[in-house]
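Quick notes on the structure that follows.
The values are calculated or read from the model by the stated rules, or taken from the named source; none is laboratory data. This structure is a prediction, so every number in the text was calculated from the model and none was measured. FYI the Cβ positions are ideal-geometry reconstructions off the backbone, even for glycines, and counts take in every protein chain you see. Just so you know, the surface numbers come from the protein's heavy atoms only, side chains and all, with ligands and any DNA or RNA stripped out. Shrake-Rupley method; radii C 1.70, N 1.55, O 1.52, S 1.80 Å.
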Amino acid sequence: MGDLLDWIISFLFLVTLLIIVIYQLTCLADLEFDRRNPYDASTKINRMVLPEFGLQGLLCLYYILTGHWFMAVLSLPHLFYNIRLYMKREHLADVTELYNTNKWEQKKRVYKIGHIALSIFITSYWYISFSYATTKY
């Protein structure tokens, strides 16, 4: 039952991460189609960056503490990428450069969504397999 609960918590972490990244991508798309000005878009995006990084770090730590090594190794590249962005101070969207870097920012978020979607798929697989294994007929 413990593993089943681990996968449920992991799934909730991943869905929350997915919602945050999709929200950022939506803000960038609104900027591209002139539905939002650069200041508002960068403010909304920057407000979500640190919670995303923190949640990704917590997820990685959670995988390590629960002994799910494959998922921990799978989530490490995303975590290291976020750490590299933070250390180079490239993690925040710049108001003055947001129009010029919009496509690149969107591409980064799409790759993050792909990585999170892969993790959700694997987590769902393990969740389903553990729920069938613990079900007694």
Q. Using a simple charge model, +1 on the beta-carbon of Lys and Arg, -1 on the beta-carbon of Asp and Glu, nothing else, what dipole does segment 1-97 show about its Cα centre, in debye to the nearest 20?
A. 180 debye
Q. Using a Gaussian network for the chain with springs between C-alpha atoms less than 10 Å apart, which of these wobbles most: Asn46, Asn82, Asn100?
A. Asn100
Q) What are the principal axis extents of the Cα atoms in the chain, in Å, biggest first? A) 60, 30, 19
(Q) On a 1.4 Å probe surface of the protein chains, which of Glu97, Glu105 comes out largest in accessible area, and what is the full order? (A) Glu97, Glu105
Q: Can you tell me the 0 to 90 degree angle between the C-alpha axis of helix 2-32 and the longest principal axis of the chain, rounded to 10?
A: 20 degrees
(Q) Once each part is reduced to its C-alpha centroid, what is the distance from segment 24-47 to segment 101-137 in angstrom? (A) 25 Å
Q.
To make sure I understand the rule: partners must be lysines, Cα under 28 Å from the Cα of Lys44, and not fewer than 8 residues away in the same chain. Which ones qualify?
A. Lys88, Lys103, Lys107, Lys108, Lys112
